[in-house]
Structure formats: C-alpha cells, structure tokens
Amino acid sequence: MSRNPRYDILFEPVRIGPVTAPNRFYSTPHALGTGNQMPHTRAAMREVRAEGGWGVVNTGYCSIHPSCDDAPLPYCRLWDDEDIEVHALMVDAVHRHGALAGVELWHGGNGTANRLTRVTPMSVSGVTYSASDANYMSLSQSRPMDRQDIREFRSWYVDAARRARSAGFDIVYVYAGMGYGPFQFLLPSMNKRTDEYGGSLQNRVRLTREIIEDMKEAVGQTCAIAIRFSSDDLLKVPGETLQSEAHEIISMLADIPDLWDIKSSDWTVETASARFSEQGAQEPWNSFVRPLTSKPVVGVGRFTSPDEMVSQIKRGILDLIGAARPTIADPFLPRKIDEGREDEIRECIGCNICVSTYHAGVPVRCTQNPTMGEEWRRQWHPERIPPGDPEKSILIVGAGPAGLECARALGQRGFAVTVAEAREQLGGRVTIESKLPGLATWARVRDYRLGLIQSMGNLDIYPGSPVSAQDVIDFGCDHVVIATGARWTRQILDTNAYPAGEIEGDAVFTPDDILAGAEPEGPVVIYDFDHYYMGSCLAEMLRQRGKEVTIVTPATAVSAWTLMNNELADIRMRMRELGIDAVFEHYLTGFSDGAVQLAGIYRGSDVRSIDCGSLVIVGVRTRKDRLYEELNSDADRMADAGIISLRSIGDCRAPATIAHAVYSGHECARNMDAGDTIDTFAWERPRL
Ligand code: ADP
Ligand code: SF4
C-alpha cells in the first residue's frame, strides 16, 4: 500500500537551526520511568520510535546539576562526563534509523526537593512551589539565587549542552516551562527580585535569553537550541504592548532559539485524559505562537488522526506534530501513515496508565501497547513477533481485552487460533465500560485488535458461544487459554480494612448490575473503595439519569487513585459541577432501614448514617474462574483430550486494569511455545 497524498505534508523535512528533521513527526521530551538507571531499556524504548518513523526523538527531563534532583521519580541526568555514555547509547539507537535525537536540559529550581543529593534547593526568589500539592510537599523551602548562583546556573547549562553534544544529540533544549528553573524567573508571581533579573519583563526574560545565547555559542554550530515554554500562566498576565506576557516573551525571544516547543504548565492539563479532553485540546495554549516567530513550532495534543495533524499544519498552528502518548501507544504511527496503513494505528485511548506508571517510578506501561518498556529486557518489538508452529491449535475462551490481545498476537505468530465468546458482542469489559461517560475511546482497545484479527486466515472467532469444560474437551486442541474475566462483588471492608463479607438485598447493586441496565432507586449511595474510575463514572451516569448521588469512600478524595494518572482534579471538578456529594474517610458498615451506616476510618470514630434508596458497591472484583478450575482440577481428562497446556489470563487470572489484561494476553501469546510459562520476569540490572 502507498501513502495517501493527503498526508504528504506530514513527511516534509523541517529545518531546525543547523539540523533537519526528516519529517514532521516529533516525539516530544517526556519521562519514560527509566532515568539513567536503565540505559538499555531507555535506548530501546526510544529506538523503536525512530524505527517507526518519528523524525525527532527526545529524552525525558534531564537534570543538568545535582542541585536539581527529583528522586524518587526517575529522571535523566548529565551531571558530569560519566553520564555521557548512557545517553550516547540512546542517541546511536535513534540515529540508526535516520531520526534526530534531542535532550531536554532541565533545572527544576524550587520544583525539586533534592531528596537524594541533599543540595539546598535554589530558586529565583526562594518562594515555595506548589507547596499544597501532595506531589511536591517536601517540608523544605528553597534559597534565593544570588548573582554568583546565576553565573554558575548559566555555566551548568553550557557544560550540560557540551556533554549533550558529545553524546551526539542534535537538539538541545532549555526547559523554561512547567514551573521549573528559568520559568520561575519569567513569572511575576514567583520573581520578586529587585536586580537586573527581576521587575520588568525585559529583566525577567534575561536569564532565559542568556542561557539560550550561551548554549548557542557553545554548541549552536552543530546542535539546534530549542526552548520548551509553558504559555498558560503567562497568557493570563496582561502585556504592555501585546495581549499577554506570553505573547511578549515569545516576540522578545522570537528567533533566538531554533525551535519553540509549547505546552501548558499544569501537567494534569497537558496530559488530561480522554475522559476530560479531546484530541488537539492544547490549541488555546499554542495557536498564538506561530505568527510571533519564524522558527518552527511544536506542540502536543494526543494526536492520533493524520487528518487532524494535517489540519494543525495547514491552519498554521504547528510545524511539527508533537506527541508523547501516541508514540507510547504506537511507536510505528508515522510508518503506518506513510505506508497507507492508518487503519492499523494502535490509537492511544487517553487512559493515562502511562502517567501513573511514571509516578510509580517504573518504566512506563501502556494499555494499548503491551510491549512498552519490554523492548530491550524481553526483546519485545511493538510490531514484530517470532513465528510459531502453524500446526498447533489454540482455543481461547473469552474475547475481552486479554483474550483479544492473546488471539491477535497468536494469530500474528501463525498459530491456528479459535476464540469463543459467550456474548454476542466482542470486547468484554471494554465494550461495556466504553459506554460510561467519557470512556468512548476505550473501545479502541477492542477495535484495533478486531481490525487485525478479522483479516487473519488462521483465526476464527465465534461470538454468542458460551463454553463449558466439556465443550473444551470435545473441541480438541493443543493449548487452551481461559480469559473469562471477573465480576464485581458486594463485599465491603471492616474498620481494619479487612474483608467483611457481602451485603445482600434487592436495593444493593454492583457496577455489573448498573452497566447491565439496572435502575437503582434514588437517592443512591455509591460506596467506592476501588478508587479508580468506576465509582465516579457511575456517579456521573446516574446523576445524568436524574438520581441524587452521594459517594462514600474511605479515601480522602473521590477516585483517589487517580492522583497517579492525573485525573484527580478533573474528577473533583466534574463531581462538583454535577452536584454529587461525597463523604470521605468513612467505611460503610451496613445498609438497613433505608440508610447506610458509616464509621470513620480513624479507629471507628465519627459513626453516622445517610438515608438512601439504594446502594452501589464499587469495591472488589472476583475471578470468573469456574471453567479454568474445573479443567485444571482434572489433568487426566485434559491429557486424554490431547490438551498440552491450560492457562488463565487477564482478569480471570487476577482482576486488574485493562492494561494488565492486555499485557497478560500478550505475554501468554509470546510464551505459548514455552510449556505453560507465563508471569515470566526480566529486568535490567544497574551497571557497576
Ligand atoms: P479481561 O479483561 O480479562 O479480558 P473481560 O471481562 O473483559 O476480561 O472479558 C472476559 C470475556 O469472557 C467476556 O466477554 C465474557 O463474556 C467471556 N466469557 C466468560 N465466560 C465465558 C465462557 N464460559 N465462554 C465463553 N466466553 C466467556
Ligand atoms: Fe495512551 Fe493509555 Fe497508552 Fe498512555 S497508557 S499511551 S494514555 S493508551
């Protein structure tokens, strides 16, 4: 197949200072949860993007000096010459495929707590950054930088830029956004200086300008110097000559940097999930930049549609299509467009599991792309997979995300695959849950896999086919994979958070009941100790149906886990907009006489009750494992039927996120030849 000429514009080269990007696909700097500790994992994660056609591939945030230490979060560093080699590994990997490699040089100012290095944090005026944000509470403040500090600060950038050049980088960034170092000088609310670096906008811009100019002088002959700038805060500050200080800063610096990379300063806005933002949602923060500079402009927007990418360029908003999450979900997105295979793009669903895994301090994982983070240590390529034995037949029971991914990967490997699904509709929980408010994109998990499966000659799929143990025995196949999922229970917790049995009754519901169409009588109490999306999504859905809803949770916030995936603020605001009440820090101890009984989590204090017509319990799921257990308990019957192996995958193995289910299905398919091995383990050991 060949490329649709409509997309030719995406494949035009773009000049960036002294270097040229081969096309407009730009993998923007973003953390991958590897830091310098996992250089091979990091290099391989970036390499597949270059191989997949991204013309520029950047590192994540890269500290220039020990006074900028984000531990325990995994960040890169270029503190001395010994740090060059691990970066060169990634640069060489990216260059092998003809892409440019970029590095985002970063100093956090008071945005880092320096927990590891114990160097006193420093900042523009010693003010505290995001002190009320749990992510940043460090119980220590920063010291204001004096003139000597500023001179050294500038020299750290130059030293790091020289090291970046030695590592082979083509693009070197100054990170002047997201509340970090130089950006703190730009903000009037942070910059309280009375010297030549404070006061007027000219003075506040001075440090950023000096750093860019210093770096240009040091490495500008060979490397492009890019600036990453957050516009949203400064768009709110009226300018003297132009509409806002953001406009004025960009026009002051206009052509000094070789590239403008524009983003919003609030990470929860920049990476808002699909539940709360559309593709291209960053436009209000980047659409004003293009007329103010002759240099190329890049920005993100969870772009997965080539038509939207073309529109961004033709409307003069962006020159380069920036992407982080779309590169995670499909490192081969550009190549697929180039080869006229855009219907094979594994589109990001905007769930932000990737963000949560970075926050957890591990290599970034992805719901759509199970190979993410496994490219080096397991040698899992996002597109290629070793062939299997076409003579071997495999029966998969269940066509949820685990079963479908397992089938897709086994089919790609060439095995003879049959999938049986009890329901008429394929997709399991993603088909059901994508009906929840804001989760429509989640159906892509199903659609991407079905799209590929349906064209495979070695794969048969049978909806409307509930399978019993005897059916499996009678079917006659070499390997059996059980992917029958899980169901929600009515179990609650006692005041020690131990399981306290189930609550029964006609007015007690689970998410499965509501999603199957049950109409609980209002007012409704949702008791949520699952802490992810389900509780707040059901609250939203029931509120839309006119019910009065109160969420009760032992946590301190609705959907408390979503602090990890950047949805917490949006969920709070949505609940408030919809008039959904919440009672925090309470266990539910009973439901009787038209009321739920509650006890505070602090040693059972604050006992109270809330009147309600029905109760929805969003807590614990249990495996639908009857089929697996029946087969597993009768090895002779299996052997007589010629079945070599039996495996359970996904929620049937252990209930978890959709990302876990997809990963589990993929791992099963990769290891199909290796006896009954799944749950394998591989890791990158730090080098001594
Ligand atoms: P996972 O997330 O692990 O893929 P899901 O709950 O999304 O789990 O999908 C499990 C699928 O298995 C559902 O679509 C369900 O209808 C199907 N299923 C469950 N039991 C059987 C069975 N005995 N025969 C065929 N399909 C089944
Ligand atoms: Fe997109 Fe979700 Fe994958 Fe992140 S984890 S890249 S949001 S699909």
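Within the stretch 596-617, not a single residue is at pLDDT 95 or above, within 13 Å of ligand 1 (Cβ to nearest atom), open to solvent by 10 Å² or more (accessible area, probe 1.4 Å) and closer than 20 Å to Val508 by Cβ.
Residue-level check: of (1) at pLDDT below 95; (2) part of a helix (DSSP H, G or I), Thr677 misses just (2). Within the stretch 429-452, is even one residue part of a strand (DSSP E or B) and away from ligand 1 (no atom under 15 Å from the Cβ)? Checked against the condition, which is being part of a strand (DSSP E or B) and away from ligand 1 (no atom under 15 Å from the Cβ), the stretch 429-452 yields no hits at all.
Yes/no per residue for (1) in contact with a His (Cβ under 6 Å, 6 or more places away or on another chain); (2) within 14 Å of ligand 1 (Cβ to nearest atom):
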| residue | (1), (2) |
| --- | --- |
| Tyr358 | no, no |
| Ile394 | yes, no |
| Ala399 | no, yes |
| Glu424 | no, yes |
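Being more than 16 Å from ligand 1 (Cβ to nearest atom), in contact (Cβ under 8 Å) with a residue 60 or more places away in the chain and buried (at least 22 other Cβ atoms within 10 Å of the Cβ) is the filter here, so list the residues in the stretch 360-379 that pass it. First the steps, then the outcome.
Filtering the stretch 360-379 down to residues more than 16 Å from ligand 1 (Cβ to nearest atom) leaves 360-364, 369, 371-379.
Filter again for in contact (Cβ under 8 Å) with a residue 60 or more places away in the chain, leaving 360-364, 371-378.
Result: Pro363, Val364, Thr371, Met372, Gly373, Glu374, Glu375, Trp376.
Within the stretch 634-660, residues that are touching a residue at least 60 places away in the same chain (Cβ under 8 Å) and within 16 Å of ligand 2 (Cβ to nearest atom) reach partners that are part of a loop (DSSP other than H, G, I, E, B) and aromatic (Phe, Trp, Tyr) with beta carbons closer than 8 Å, at six or more positions or on different chains, in the pairs Thr657/Tyr532.
Taking residues in the stretch 515-535 that are assigned to a loop (DSSP other than H, G, I, E, B), and partners anywhere that are among the polar types (S, T, N, Q), the pairs with Cβ atoms closer than 7 Å and at least 6 places apart or on different chains are Pro520/Ser614; Glu521/Ser614; Pro523/Thr550; Phe529/Thr553; His531/Ser559; Tyr532/Ser559; Tyr532/Thr562. For Gly411, the criteria (1) assigned to a helix (DSSP H, G or I); (2) within 14 Å of ligand 1 (Cβ to nearest atom); (3) open to solvent by less than 10 Å² (accessible area, probe 1.4 Å) hold in every case but one, which is (2).
Which of the residues spanning the stretch 382-392 are open to solvent by 20 Å² or more (accessible area, probe 1.4 Å) and either under 28 Å from Ala440 (Cα atoms) or within 16 Å of ligand 1 (Cβ to nearest atom) (or both)? Correct list: Glu383 only. Residues that are over 30 Å from Ile353 (Cα atoms) and in contact with a strand residue (DSSP E or B) (Cβ under 9 Å, 6 or more places away or on another chain) were ranked within the stretch 559-592; the one that is least open to solvent (accessible area, probe 1.4 Å) is Gly590. Failed condition for Lys547, given (1) outside any loop (DSSP other than H, G, I, E, B); (2) within 15 Å of Val616 (Cβ to Cβ); (3) without any contact (Cβ under 8 Å) to a residue 40 or more places away in the chain, with all others met? (1) is the only condition that Lys547 fails. Applying the criterion of being farther than 15 Å from Phe11 by Cβ, within 16 Å of ligand 2 (Cβ to nearest atom) and of a type in the set (A, V, I, L, M, F, W, C) to the residues of the stretch 314-338, the residue that is surrounded by the fewest Cβ atoms within 10 Å (Cβ to Cβ) is Ala324. Scanning the stretch 463-511 for residues that are within 16 Å of ligand 1 (Cβ to nearest atom), farther than 21 Å from Met534 by Cα, within 35 Å of the chain's Cα centre (by Cα) and not in a loop (DSSP other than H, G, I, E, B) turns up Val480, Val481, Ile482.
The values are calculated or read from the model by the stated rules, or taken from the named source; none is laboratory data. Computed from a predicted model, the values in this text were never measured in an experiment. Cβ coordinates were reconstructed from backbone atoms using ideal geometry, including for glycine residues, and neighbour counts include every protein chain displayed. Quick note on the areas: whole protein, heavy atoms, side chains included, nothing else; ligands and nucleic acids left out. Shrake-Rupley method; radii C 1.70, N 1.55, O 1.52, S 1.80 Å.
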